[in-house]
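Student: Encoded as structure tokens, here's the structure I'll be asking about.
Read-outs: derived from the displayed coordinates by stated rules, not from any lab. From a predicted model like this one, the values you see are computed outputs, not experimental measurements. Methodologically, a virtual Cβ is constructed for each residue, glycine included, from the backbone with ideal geometry; neighbour enumeration extends over all protein chains shown.
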Amino acid sequence: MTIPGIAAHLEAAADVSVLSGPDAERFSVDGVAPAVVARPMDEAGVSAVLTAASEAGLAVVPWGGGTCMDIGNRPRRVDVVLDMSALDAVVEYRPRDMTVTAQAGATVAALQRVLDSEGQFLALDPPLPERATIGGAVAANASGPRRFRFGTARDIVIGTGAVLADGTAIKSGGRVVKNVAGYDLNKLFIGSGGTLGVISRLTFKLLPSQPEHGLVVAAFDDVMAACGAARAIVNGVLAPWSVDVSGPGAIGGLDEALPEARGSWNVVVEFAGTAAAVDRTRGDLLALFHGLGCRMVFEPDGSARGAIIAGTRDFGLNGETRLMLRAAVLPSEVLETCVMLERAAWERGTGCVIVARAGNGVVLSAWPITDPDVVRGLVAQLRDRLRRSGGMLVVERCPPEAKQGLDVWGIGGPDVSLMRRLKQQFDPSAVLSPGRGVGGI
Amino acid sequence: MTAATVSPQLVRELERIVGRDGVFHRPEDLLVFEYDGTIDRGYPAVVVYPRSAEQVAAIVRVAVLNNLPLVPRGAGTGLSGGALATEGGILMPLTRMNSILELDLENRIAVVEPGLVNLELSRAVAKHGLFYAPDPSSQKACTIGGNVAENAGGPHCLALGVTTNHVLGLELVLANGEIVRVGGWGRDRPGYDLTGVMVGSEGTLAVVTKVCVRLLRKPEAVRTFLAIFDTIDQATGAVAAVIGAGIVPGALEMIDKYVIRAVEPTLHCGFPLDAEAVLLVEVDGLREFVRECAASVGAIMREAGAREVRSADDPAEREQLWVGRKGAIGALGALAPNYYILDGVVPPSMLPEVLTRVYEICERYGFIVGNVFHAGDGNLHPNIVFDERVPGATAKVLDAGGEVLRVCVEAGGSITGEHGVGVEKRDYMSLIFSEADMAAMAKLKRAFGAGERFNPCKAFPTHKGCGEVHRGPAVAALGPDIYV
């Protein structure tokens, strides 16, 4: 079947609306526009699209809210973008059992609002929740500052419905939080980046909303002091929701709300619980920060609090970032990683802004570099330095031209060979997002 | 050579790999390895104890060359038959690989060998104020490797998660003898979550030779409550009220009247023999939180009609409150020579209804059933006591178990919450998975290149060729009633 044939075939199939031509350009992936955007209304439609596409030997890239579409190697081809946004229903919500099942195209924020009405919440805080879909966030294994307290998708997903490259619908897990029947295929789809299957629905375990919330921001003169404070909190007995270190200029909302904190290295701590627990946490944090010689401590509330929390979560995603890197190191290596990034920027006569999820060893940095050669040189140098201690560096976002000759994931080895064999089993014809994955999967 | 017996050459080959003290092939030695925590039996042709990943790899190559099944084994405490050599071949206990290889206190990570006993890990890091969270009831004996194979839970997994949430990476030996590391070992690693699919794979995909785990900081304060109820309904009502109040306890366990009557005479917990249920609730965290929570939990228990509420925050006293729950299974042994533990899981809201059905089913079959359950996550463990010497008793027990599993699935649950599918639940997989679902799992197995090498005929529906191996002739010659 040709591509015009596919469009006609899909439109004739039940419940699939199709875009093509200039309307489809909005759904470009790394600058490659699809010939067709198919938007199914239900899971049967998802199967129909994949069955037709795989029979015609076409490449399909799933699309949720588009917030993570930059992440991945340049696709070898993009014929069909599979727009999952119409599958946005809450399928089953059992507040008494603290589980919810929703279709993959539901946005994270929309789902949170449903849960909030019953005094519960989903402990996943990926960036841009008003746009990010649960399917996309899980496929990208997107996470935010709250992963410190609650973990990531693998700690929250208990059931998955997915459609494989040939259109076959499968499910794994179930609706109960304890379940060891069969292989844990939930884990397979998490972080698979649209290369192993299309997630069509997810079941999550939930938590009760907390009565009180708090946010404390401490401004330090230098990165060493800030990282030291963060480390003390991470290793202590308090159980905050998040502990982030942010460099000067990293979080717009913070600079606006706390002008006196400009130019500092800040530690941002979110916490919640009962009134007594929140008071205790707040008290301990203030004592710790003052004891370590911080310049100032702030306790933003209201809209400032919301803006800072969102800014820390959505770091680098304001549309201005040209290059975003994610270093994965051990929590004890966060300081030296921040220092290394700053030095690399200084060596190139530029600057970078940094946010570190201090308790998880994730150091994000945003750079104003667009020249592909400079990008490649920088990435190679940083990877070389990180490799010595076992750290990794992912290029989360960069100009599409810079992706030429660049492996955004930067890992190899026998485990990658195993991953290739998984891909070979699940998508032998490389229908799904070909080339985007680790090792060119 | 069949999978039931091995040649002297094979024995010598294995001795060359692990030394003579690492290989067992005499009938009286093989007997000891025929059982685990279930009523099933398996008959290995030879037992070999490796001490390193390299030795494991060499043993795998021997198994391949001789086309023999290879069954990795931990402490043999499993409750689904996972550690039994049901298809004969080589049984490979990993208990001589039991060291803590690395301890990174700063980042709270440990690298351990699979044969390390679960509780030993927590004991080793206790002095640093740390612990390893997954705490199955068998933790004094079970091994980390076995926990990985089954994705083991435990009472404290309600708040903290199960084994897979605490494993950061693995070292594996694949079916071709290759040694591979998967996972980030404390750092985020891009790509597919190979660690995640290995945990809970019941020893069928690869052999685990190292486990990188996350350690947690001990909470500042802990308080344990024990509440005694006249009726089961009051107890399940109390559970619902705790969850409804937005409290996520560290543990929420229940035992029923049959368990109470079994434990009281031997363990003297002070349980009234006419009580229908005892509930254990544990809350932990900051001192202030525990204090506040304690008041709420106490009030909830009394409002739900508790006859008596005890609580403790001192470690020794808390241990005392747990005695009845922890000693439950052992105490049931006084009622009859055999027991069969089920592992059903349902949405917690369905527990009262399902429990009623469990009692009804067991009564119909003529069995006493004592229930122990993880009330917070809907994971129930009916313990059916019986005597296998009574003709037909075992078959009846298995039938009763099957009916209970069907009830759990109908209630929206699963066929196994934490014990694994193993042997006796493999033919119930089709209650919850379609052919397409199982075909997808088969793709995973093919990706690992495992074929039927590791732990064949486990975890998935049986096919022709399963269950044809019986006791080898030399062992059988020891006599029909030989029993350990």
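Student: Got a sec? Charge dipole of the protein assembly as shown, +1 on Cβ for Lys and Arg, -1 for Asp and Glu; which of A:I3, A:Q103, B:G467 is way out at the positive end?
Tutor: Working it through, the farthest residue towards the positive pole turns out to be B:G467.
Student: Let me check against my output: what whole-number percent is the relative contact order of chain A, with C-alpha pairs under 8 Å and at least 6 apart?
Tutor: Relative contact order here is 16 percent.
Student: Something else now. Filter the trypsin sites (Lys or Arg not before Pro) in region B:374-434 down to the DSSP loop ones having no more than 11 other Cβ atoms within 10 Å, then list what survives.
Tutor: B:R389
Student: Apply the Kirkwood formula to region B:229-316: the hydrodynamic radius equals the inverse of the mean of 1/r over all pairs of different alpha-carbon atoms; give it in Å with one decimal.
Tutor: Result for region B:229-316, one decimal place: 13.6 Å.
Student: Would you please name the GluC sites (Glu not before Pro) within region A:310-371 that are DSSP coil residues with at most 16 other C-beta atoms within 10 Å of their C-beta?
Tutor: Loop-located and lightly packed - A:E320.
Student: Per-residue Cβ counts within 10 Å, from other chains only, averaged over A:164-176: what number is that?
Tutor: Mean partner-chain Cβ count within 10 Å for A:164-176: 5.
Student: Additional query: Using a 7 Å offset from the Cα along the Cα-to-Cβ direction at both B:V390 and A:E347, what is the distance between the two label points in nm, to one decimal?
Tutor: Output for this residue pair reads 7.8 nm.
Student: Under 17 Å between alpha carbons, and skipping anything fewer than 8 positions from B:K210 in its own chain: which aspartates and glutamates qualify?
Tutor: Leaving aside aspartates and glutamates fewer than 8 places away in the same chain, those within reach of B:K210 are A:D415, B:E54, B:E102, B:D104, B:E113, B:E120, B:E150, B:E171, B:E178, B:D193, B:E202.
Student: Let me ask another. On alpha carbon coordinates alone, what is the Rg over Rh value for chain B, Rh being the Kirkwood radius?
Tutor: 0.97
Student: Next question. Run the reach check for B:K326 against lysines, Cα to Cα strictly under 16 Å, same-chain hits fewer than 8 apart removed. What comes back?
Tutor: Qualifying lysines at Cα under 16 Å: B:K140, B:K257.
Student: Considering the Cα trace of region B:360-484, what is its radius of gyration and what is Dmax, both in angstroms?
Tutor: 17.7, 49
Student: When the Kirkwood hydrodynamic radius is evaluated over all pairs of different C-alpha atoms of region A:53-187, what value in angstrom, to one decimal, is obtained?
Tutor: Computed over Cα pairs of region A:53-187, the Kirkwood hydrodynamic radius comes out at 15.9 Å.
Student: Further question on the same structure: Counting pairwise Cα distances across region A:1-107, what percent come out greater than 25 angstrom?
Tutor: Distances greater than 25 Å cover 23 percent of the Cα pairs.
Student: Over all residues in A:93-99, what is the mean tally of Cβ atoms on other chains that come within 10 Å of each residue's Cβ?
Tutor: Mean partner-chain Cβ count within 10 Å for A:93-99: 5.
Student: Hey, what did chain B get for relative contact order, percent, Cα under 8 Å, at least 6 apart?
Tutor: 16
Student: With the contact rule set at Cα under 8 Å and sequence spacing of 6 or more, what percent relative contact order holds for region B:26-158?
Tutor: 22
Student: Could you list B:H463, B:H25 so that the one with the fewest beta carbons within 10 Å of its beta carbon is first and the one with the most is last?
Tutor: B:H463, B:H25
Student: Taking only the alpha carbons of region A:165-260, what extent do you get along each of the three principal axes, in Å, biggest first?
Tutor: Between the extreme Cα coordinates on each principal axis of region A:165-260 lie 57, 29, 25 Å.
Student: Can you give the calculated 222 nm mean residue ellipticity of the protein assembly as shown, where each DSSP H run of n ≥ 4 adds -39,500 (n - 2.57) and the sum is split over every residue, rounded to the nearest 500 deg cm²/dmol?
Tutor: About -9500 deg cm²/dmol.
Student: Put +1 on the Cβ of each Lys and Arg and -1 on the Cβ of each Asp and Glu in chain B; which of B:G413, B:G186, B:N66 then has its Cα farthest toward the positive end of the dipole?
Tutor: B:N66
Student: Another question, then. With both bridge residues required to lie in region A:12-168, what share of the DSSP beta bridges run antiparallel, to the nearest 5%?
Tutor: Percentage antiparallel, nearest 5: 60.
Student: Then there is this: Within chain B, what percent of beta bridges assigned by DSSP are antiparallel, to the nearest 5?
Tutor: Once the DSSP bridges in chain B are tallied, antiparallel ones form about 90 percent.
Student: In addition: Quick one: of the DSSP bridges fully inside region B:66-192, what percent are antiparallel, nearest 5?
Tutor: Given both bridge residues lie in region B:66-192, the antiparallel proportion sits at roughly 70 percent.
Student: Looking only at other chains, what is the average number of their beta-carbon atoms within 10 angstrom of each beta-carbon in A:188-197?
Tutor: Whole-number average of other-chain Cβ neighbours for A:188-197 is 3.
Student: Any idea what the dipole of region A:339-385 comes to, in debye rounded to 20, about its Cα centre with Lys/Arg Cβ at +1 and Asp/Glu Cβ at -1?
Tutor: 160
Student: What's log10 of I(q)/I(0) for the protein assembly as shown at q = 0.05, 0.08 Å⁻¹, Debye sum over Cα points only, no solvent?
Tutor: Normalising to I(0) and taking log10 leaves -0.29, -0.76.
Student: Let me ask another. Could you tell me the calculated FRET efficiency between A:R96 and B:T356, based on Cβ-Cβ distance and R0 = 22 angstrom, to the nearest 0.05?
Tutor: The value I calculate is 0.80.
Student: Still on this model: On a straight-distance basis, which lysines could pair with B:K445 in a cross-link, Cα separation under 17 angstrom, same-chain partners fewer than 8 positions away excluded?
Tutor: The qualifying lysines are A:K171, A:K187, A:K423, B:K458.
Student: What whole-number distance in Å separates the alpha-carbon centres of region B:290-304 and region A:243-322?
Tutor: Using only Cα atoms to place each centre, the spacing works out to 34 Å.
Student: With charges set only on the Cβ (+1 for Lys and Arg, -1 for Asp and Glu), what does the dipole of region A:192-302 come to about its Cα centre, in debye to the nearest 20?
Tutor: 480
Student: Would you kindly state how much longer the chain becomes between A:Q381 and A:A287 on full extension, computed as 0.36 nm times their sequence separation minus their alpha carbon distance, in nm to one decimal?
Tutor: Stretched out fully, the A:Q381 to A:A287 stretch lengthens by 29.9 nm.
Student: Using only the Cα atoms of region B:318-367, each taken as one equal point scatterer with no solvent, compute I(q) by the Debye sum, divide by I(0), and report log10 of the ratio at q = 0.28 Å⁻¹.
Tutor: Debye curve over Cα of region B:318-367, log10 I(q)/I(0) at q = 0.28 Å⁻¹: -1.05.
Student: Now a separate question. So for the protein assembly as shown, taking the charge dipole from beta-carbon charges (+1 Lys/Arg, -1 Asp/Glu), which of A:G435, A:C294, B:A294 sits furthest toward the positive end?
Tutor: A:G435
Student: Just want the ordering: A:H290, B:H419, from fewest to most Cβ atoms lying within 10 Å of their own Cβ.
Tutor: Fewest to most other Cβ atoms nearby, the residues stand as A:H290, B:H419.
Student: How would you rank A:118-127, B:435-444, highest first, on the average number of other Cβ atoms within 10 Å across their residues?
Tutor: A:118-127, B:435-444
Student: Oh, and also: What three numbers, in Å, describe the spread of the alpha carbons of region A:351-419 along their principal axes, ordered from the longest?
Tutor: 34, 31, 19
Student: Which percent of Cα-Cα pairs in region B:412-484 sits in each 5 Å bin, short to long?
Tutor: 3, 12, 18, 20, 16, 12, 7, 7, 4, 0
Student: Of all the C-alpha pairs in region B:135-271, what % are more than 22 Å from each other?
Tutor: Counting pairs separated by more than 22 Å, the tail of P(r) holds 54 percent.
Student: In debye, nearest 20, what is the charge dipole magnitude of region B:358-476 about its Cα centre with +1 on Lys and Arg Cβ and -1 on Asp and Glu Cβ, if you could check?
Tutor: Charge dipole of region B:358-476: 580 debye, to the nearest 20.
Student: Please report the net charge: other residues with Cβ closer than 10 Å to the Cβ of B:I179, K and R +1, D and E -1.
Tutor: Residues close to B:I179 contribute a combined charge of -1.
Student: Rounded to the nearest whole Å³, what is the per residue volume of the convex hull around the Cα atoms of chain A?
Tutor: Residue-normalised Cα hull volume stands at 141 Å³.
Student: Continuing with this model, one more query. Where does the Debye-calculated log10 I(q)/I(0) of region B:114-178 sit at q = 0.12, 0.29 Å⁻¹, using only Cα point scatterers of equal weight, no solvent?
Tutor: For region B:114-178, the Cα-only Debye profile gives -0.31, -1.35.
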